[in-house]
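**Q** Questions regarding the structure given below will be posed in turn.
The values are calculated or read from the model by the stated rules, or taken from the named source; none is laboratory data. Predicted, not measured: the structure shown is a model, and the values here were computed from it. FYI the Cβ positions are ideal-geometry reconstructions off the backbone, even for glycines, and counts take in every protein chain you see.
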Ligand code: PEP
Ligand code: MN
């Protein structure tokens with residue numbers, strides 16, 4: 001649409017798309033609204049739209065993904081979570097334990113996270129574990145603890161939705177619904193969170209290509225949920241000095257093709273706490289919209305992922321460094337302009 005297009009003109013375009021039997025996807029941007037069309041099998045004659053008032057141009061999208069791509073929407077998408085912005089001017093930090101283990105453990109880590117000014121808290125109540133005998137999470141009891149964290153500290157909650165059966169429950173308690181690496185191509189789950197009214201954080205599958213990641217995001221957006229955050233968390237390679245190989249090159253690659261924000265998880269990406277700060281710094285330097293890290297005050301007793309959890313002092317250090325690195329880059333960019 002043209003930058004000055006009115007709401008009525010946008011509505012008119014939506015009506016025309018519906019009358020043709022297709023699904024319209026209006027996505028407001030910083031300068032103008034883009035309207036995606038899905039449901040068509042072949043090409044649609046652009047003449048249907050070009051004549052309508054307020055329309056700037058009708059673009060045929062040739063990529064396998066439509067709604068995710070910059071062809072359709074050039075402006076970066078900013079996902080609002082409470083008063084935090086993912087994809088905005090400031091880098092975002094999501095921090096917390098791997099799993100919600102108990103009321104006391106969660107509150108104590110939440111207090112630490114809140115004291116640094118970080119606004120988003122993570123913690124799994126439903127855990128995808130490699131072994132069926134490992135701690136599987138506290139389930140709804142864990143979600144209630146997370147709700148108390150939001151009430152007590154004002155932190156917004158990022159938590160994983162493991163399956164469609166528990167999606168209603170997670171949607172009720174979460175501020176951001178996380179899709180884990182193992183579920184990146186669970187297409188019924190992607191469709192389900194696409195129907196949710198909460199933002200979704202989609203983690204890259206451990207052997208997923210960039211196109212596969214973007215098409216997984218497309219599943220969510222095709223259902224009408226445009227608040228999607230991508231997350232790089234490392235992929236499987238031959239390297240055995242690290243839990244996964246954190247692929248920071250996907251950050252500029254995503255930004256080239258997609259308007260969606262992308263953050264980086266150096267905790268699962270490396271598996272060892274001494275690597276989390278260096279790779280967290282690097283993620284911000286590479287232009288990521290933020291990082292997600294695991295933190296624990298007693299990692300030796302953690303029920304999952306203790307070895308990769310940052311200790312409180314390390315976490316405070318990383319928060320300061322993220323700010324400092326981001327400032328240096330923003331300043332350098334400003335002098336280039
Ligand atoms: C997590 O972030 O809690 C998690 C399980 O990570 P991943 O899905 O990337 O393995
Ligand atoms: Mn974990």
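**Q** With respect to residue 132, determine if the residue is surrounded by fewer than 23 Cβ atoms within 10 Å (Cβ to Cβ), more than 27 Å from residue 110 (Cβ to Cβ) and within 16 Å of ligand 1 (Cβ to nearest atom).
**A** Yes.
**Q** Would you mind finding the one in 102, 56, 62 that is surrounded by fewer than 23 Cβ atoms within 10 Å (Cβ to Cβ) and within 29 Å of residue 273 (Cβ to Cβ)?
**A** After ruling out the rest, the residue left standing is 102.
**Q** Mind checking which strands (runs of 3 or more DSSP E) fall wholly inside segment 220-337 and carry at least 2 residues that are away from ligand 1 (no atom under 16 Å from the Cβ)?
**A** In segment 220-337, no matching strands (runs of 3 or more DSSP E) lie anywhere.
**Q** Does segment 181-210 hold any residues that are within 13 Å of ligand 1 (Cβ to nearest atom) and assigned to a helix (DSSP H, G or I), and which are they?
**A** Scanning segment 181-210 gives 181, 182, 183, 189.
**Q** Additional query: Quick one: in segment 200-213, which of the residues that are in contact (Cβ under 8 Å) with a residue 40 or more places away in the chain and crowded, with 24+ Cβ neighbours inside 10 Å is farthest from residue 159 (Cα to Cα)?
**A** 213
**Q** Turning to a different aspect of this structure: Could you list all residues from segment 266-319 that are crowded, with 21+ Cβ neighbours inside 10 Å, on the phi < 0 side of the Ramachandran plot, within 18 Å of the chain's Cα centre (by Cα) and away from ligand 2 (no atom under 16 Å from the Cβ)?
**A** 283, 284, 288, 289, listed by residue number.
**Q** Further, regarding this structure: Among (1) within 13 Å of ligand 1 (Cβ to nearest atom); (2) over 26 Å from residue 327 (Cβ atoms); (3) within 21 Å of the chain's Cα centre (by Cα), there is one condition residue 172 misses while meeting the rest; what is its number?
**A** Every listed condition holds for residue 172 apart from (1).
**Q** What number of residues in segment 140-169 are touching a helix residue (DSSP H, G or I) at 6+ places or on another chain (Cβ under 8 Å) and away from ligand 1 (no atom under 14 Å from the Cβ)?
**A** 15
**Q** Got at least one residue in segment 237-249 being closer than 22 Å to residue 64 by Cβ and either surrounded by fewer than 19 Cβ atoms within 10 Å (Cβ to Cβ) or outside the structural domain of residue 180 (by TED's automatic domain parsing) (or both)?
**A** First, the residues of segment 237-249 that are closer than 22 Å to residue 64 by Cβ: 247, 249.
Within this subset, residues satisfying the condition of being either surrounded by fewer than 19 Cβ atoms within 10 Å (Cβ to Cβ) or outside the structural domain of residue 180 (by TED's automatic domain parsing) (or both) are 247, 249.
For segment 237-249, residues closer than 22 Å to residue 64 by Cβ and either surrounded by fewer than 19 Cβ atoms within 10 Å (Cβ to Cβ) or outside the structural domain of residue 180 (by TED's automatic domain parsing) (or both): present.
**Q** On to the next question. Here is a check on your reading of the model: is residue 228 in contact (Cβ under 8 Å) with a residue 60 or more places away in the chain and buried (at least 24 other Cβ atoms within 10 Å of the Cβ)? Show your work before the answer.
**A** On the way: in contact (Cβ under 8 Å) with a residue 60 or more places away in the chain: yes; buried (at least 24 other Cβ atoms within 10 Å of the Cβ): yes.
Yes, satisfied.
**Q** Still on this structure, please answer the following. Against the condition away from ligand 1 (no atom under 16 Å from the Cβ) and more than 25 Å from residue 325 (Cβ to Cβ), how does residue 90 come out, does it pass?
**A** Against the criterion (away from ligand 1 (no atom under 16 Å from the Cβ) and more than 25 Å from residue 325 (Cβ to Cβ)), residue 90 does not qualify.
**Q** Right, here's the next one. In this structure, does residue 332 turn out to be farther than 20 Å from residue 231 by Cα, more than 22 Å from the chain's Cα centre (by Cα) and surrounded by 18 or more Cβ atoms within 10 Å (Cβ to Cβ)?
**A** no
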